[in-house]
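**Student:** Please find one structure pasted underneath; my questions will follow.
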Amino acid sequence: MEKQTFRIETFGCKVNRYDSQRLREMLESAGMQPAAEDETPDLWFINTCTVTHVADRKARRIIRRRKREAPGARVFVTGCYADFRKDALKAIEHVDGVYGRTEWEQMIKDIVPEGFSPQDGGSVDFGVHNFRGRARAFLKIQDGCDSFCSYCVVPHTRGRPRSRSLRDTLEEGKRMVGAGFRELVLTGIHLGMYGGDLPGHSELADVVEALEGLDKGIRVRISSLEGPEVSDRLLAAMALPGVCAHLHLPLQSGDVGVLAAMRRRYTPKAFREVLDRVREALDEPAISTDVMVGFPGEDERAFRNTVEFCENAGFSRLHVFCYSPRPGTAAYDMRPRIDPAEANRRSEVLRALDARMQADWARRFVGCRVRVLYEKVERDGWMYGYSDRYIRVKAPANRSAVGRLCKTTLTQDSCVVPRIS
């Protein structure tokens, strides 16, 4: 009997990408195999995100498209949207199953009634062996959040904070290095909470130091982290030669009143003090951020405070998005709501600022020799990757360089930045 083929489509954050790899390995252990690129799979698995209503809409659209394109294939939906609004997804015509992330074993048993048992007895949360098709390996070391920011549905979909043991993290890191990965990206839903639920008081700095010591030929990158959780000990670990001088610290708003309504645990002044501490401890660190516009009650003055904060903060990159009302969150009933057209206008103002900031940041390193991990060759004949300080770089295609850390002299033309309008 031929093996059933499958394909996983992933939306959302780095944690979701890790989860998809975990699902892939569980499916393979059940006797299925990934479909070839030019092959229609027997089974589609859609790993969804629900951080905004736009993410929900994308998921619904892709589910319907897959059923149209391959009416004979079965479509299964999982991920955060499945955890948050299972009934809404079940109501979509021709969906063959909707399973939360904690229900994967049951999902596979429903598809393969006989002969399936978990591959290694590990949890659904953690444990992968490879990231085939990627140049960087994501190491998920934490899941869940209980901060309950007023706009965020994640605590409802991901549950309480939980951390992976340092021993298990190191074992996976060694596997990834042994498999040839040159960058390990530490990921989590609320990464700064790492270790709070573990015996022995482990913390994020312990993980960074241990992974950095695995191999001199790799680098370690930290993904998103809350500003108040940047400790002096973590900054000391980040100063090690194998750790990328890059932090992503979500700001969300530069206005003290909006931050309070969001239930963020800092003020603009306190956030700026974190930026100063990071820059004192590290050599020209890249600091990227998230900014939300259109939060209920954000008037023009509050928005201008955010623009002014970002202009003065010297961020290397802004990720800008509009507030999205999520049922079940405290902000859902807050008023006044901002007109979507006005929210989009504010978004465009900040996106233009982002383009200038990315260009300014890249320009500082023109003429410098930097380490670039080239990730893939595109159809345009160039290969693309990122420097330690998260500048996107292009170079003439050389497939032997893909997946390797290469010393590269940056030029104005090799830095890939948005067009400034």
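Here, each number is a calculation from the coordinates, and none is a lab measurement. None of these values were measured; they are calculated from a predicted model. Neighbour counts run over all protein chains shown; Cβ positions are idealised from the backbone, glycine included.
**Student:** Just to confirm the filter: which trypsin sites (Lys or Arg not before Pro) across the stretch 180-278 are DSSP coil and have at most 16 other Cβ within 10 angstrom of their Cβ? All intermediate terms of the calculation are to be shown ahead of the outcome.
**Tutor:** Numbers: sites: R182, K216, R219, R221, R233, R263, R264, R265, K269, R272, R277; in loops: R182, K216, R263, R264, R265.
In loop regions of the stretch 180-278 (DSSP not H, G, I, E or B), the sparsely surrounded trypsin sites (Lys or Arg not before Pro) are K216, R263, R265.
**Student:** Sorting check: for 189-198, 27-36, which peptide has the highest mean count of neighbouring beta carbons within 10 Å, and how do the rest follow?
**Tutor:** On the way: 189-198: 20.1, 27-36: 16.6.
Descending mean neighbour count gives 189-198, 27-36.
**Student:** To one decimal place, what orientation-averaged projected area in nm² is obtained for the convex hull of the Cα set of the stretch 226-361?
**Tutor:** On the way: hull surface 34.0 nm².
One quarter of the hull surface, i.e. the mean projection, equals 8.5 nm².
**Student:** Counting other beta carbons within 10 Å of each Cβ, put S231, S224, S163 in order, fewest first.
**Tutor:** In order of increasing Cβ crowding within 10 Å: S231, S224, S163.
**Student:** Sequence neighbours fewer than 8 away in the same chain don't count; with that in mind, list the lysines whose C-alpha is under 21 Å from K86.
**Tutor:** K58, K67, K109
**Student:** Once you have the Cα-Cα distance between R356 and K58, take 0.36 nm times their residue separation minus that, and quote the gain in nm to one decimal.
**Tutor:** Numbers: separation 298, 0.36 × 298 = 107.28 nm, distance 2.91 nm.
Full extension from R356 to K58 adds 104.4 nm.
**Student:** How far, in nm, would the chain grow between E37 and I92 when pulled straight, counting 0.36 nm per residue and subtracting the alpha carbon separation?
**Tutor:** On the way: separation 55, 0.36 × 55 = 19.80 nm, distance 2.64 nm.
Full extension from E37 to I92 adds 17.2 nm.
**Student:** Give the peptides 83-89, 48-54, 403-409 in descending order of average Cβ contacts within 10 Å, highest first. Numbers along the way, then the final one.
**Tutor:** Details: 83-89: 17.4, 48-54: 19.4, 403-409: 15.3.
Packing order, densest peptide first, comes out as 48-54, 83-89, 403-409.
**Student:** Oh, and also: Given +1 on the Cβ of Lys and Arg, -1 on the Cβ of Asp and Glu, and no further charges, what dipole in debye does the stretch 136-363 carry about its Cα centre, rounded to the nearest 20? Write down the numbers at each step before the final one.
**Tutor:** Working: 32 positive and 33 negative charges, 91 e Å.
That gives the stretch 136-363 a dipole magnitude of about 440 debye.
**Student:** Please list 3J(HN,Hα) in residue order for the stretch 411-418, calculated via the Karplus relation 6.51 cos²θ - 1.76 cosθ + 1.60 where θ = phi - 60°; whole Hz, with x for glycine and proline.
**Tutor:** Each residue of the stretch 411-418 in turn: 10, 4, 7, 7, 7, 9, 10, x Hz.
**Student:** Place +1 on the Cβ of every Lys and Arg and -1 on the Cβ of every Asp and Glu in the chain, take the dipole about the Cα centre, and give the residue among M193, T48, M357 whose Cα lies farthest towards its positive end.
**Tutor:** Positive-end residue among those listed: M357.
**Student:** What are the trypsin sites (Lys or Arg not before Pro) within the stretch 304-399 that DSSP puts in a loop, where the Cβ has at most 11 other Cβ atoms within 10 Å?
**Tutor:** Of the trypsin sites (Lys or Arg not before Pro), the ones in loops of the stretch 304-399 whose Cβ has at most 11 other Cβ atoms within 10 Å are R379.
**Student:** About the Cα centre of the stretch 369-409, what is the dipole size in debye to 20, counting +1 per Lys and Arg Cβ and -1 per Asp and Glu Cβ, all else neutral?
**Tutor:** Numbers: 10 positive and 4 negative charges, 28 e Å.
Its charge dipole is roughly 140 debye.
**Student:** Between D299 and D146, how many nm apart are label points set 7 Å from Cα along the C-beta direction?
**Tutor:** Using points 7 Å along Cα→Cβ, the separation is 3.8 nm.
**Student:** A further question on this structure: Run the helix sum for the chain: -39,500 (n - 2.57) per DSSP H stretch of 4+ residues, divided by residue count, reported at 222 nm to the nearest 500 deg cm²/dmol.
**Tutor:** Value at 222 nm, helices only, nearest 500: -10500 deg cm²/dmol.
**Student:** Return a whole-number percent for the relative contact order of the stretch 136-363, with Cα pairs under 8 Å and 6 or more residues apart as the contact set.
**Tutor:** Computed value for the stretch 136-363: 17 percent relative contact order.
**Student:** Based on the alpha carbon coordinates of the chain, what radius of gyration and maximum Cα-Cα distance (Dmax) apply, in Å?
**Tutor:** Cα only, the chain: 21.8, 66 Å (Rg, Dmax).
**Student:** For the stretch 5-111, just the Cα atoms, rotate onto the principal axes and tell me the three extents in Å, largest first.
**Tutor:** Principal extents (largest minus smallest coordinate, Cα): 34, 28, 24 Å.
**Student:** Using a 4.7 Å Cβ cut-off, which Cys residues in the chain lack a partner cysteine?
**Tutor:** C13, C49, C80, C145, C244, C310, C322, C368, C406, C415
**Student:** By how many nm would the segment from K3 to E308 lengthen if fully extended, with 0.36 nm per residue of separation less the alpha-carbon distance? If you can, show how the numbers build up before the last one.
**Tutor:** On the way: separation 305, 0.36 × 305 = 109.80 nm, distance 5.76 nm.
Residue separation times 0.36 nm, minus the Cα-Cα distance, leaves 104.0 nm.
**Student:** Let me ask something additional. Could you quote the convex hull projected area for the stretch 369-409, Cα atoms only and averaged over all directions, in nm²? Walk me through the numbers on the way to the answer.
**Tutor:** Working: hull surface 9.8 nm².
Taking the Cα atoms of the stretch 369-409, their convex hull projects to 2.4 nm² on average.
**Student:** Take the Cα of T102, step 7 Å along the line toward its Cβ, and report every residue of the stretch 177-197 whose backbone nitrogen sits under 18 Å from that point.
**Tutor:** 189-190, 197, by backbone N distance to the label point.
**Student:** Please give the charge dipole size of the chain, origin at the Cα centre, charges +1 on K and R Cβ atoms and -1 on D and E Cβ atoms. Round to the nearest 20 debye. Please report the intermediate quantities before stating the final value.
**Tutor:** On the way: 67 positive and 59 negative charges, 192 e Å.
Result for the chain is approximately 920 debye, rounded to the nearest 20.
**Student:** I'd like to know which of P155, Q4, A330 lies farthest towards the positive end of the charge dipole of the chain, counting +1 on Cβ of Lys and Arg and -1 on Cβ of Asp and Glu.
**Tutor:** Q4
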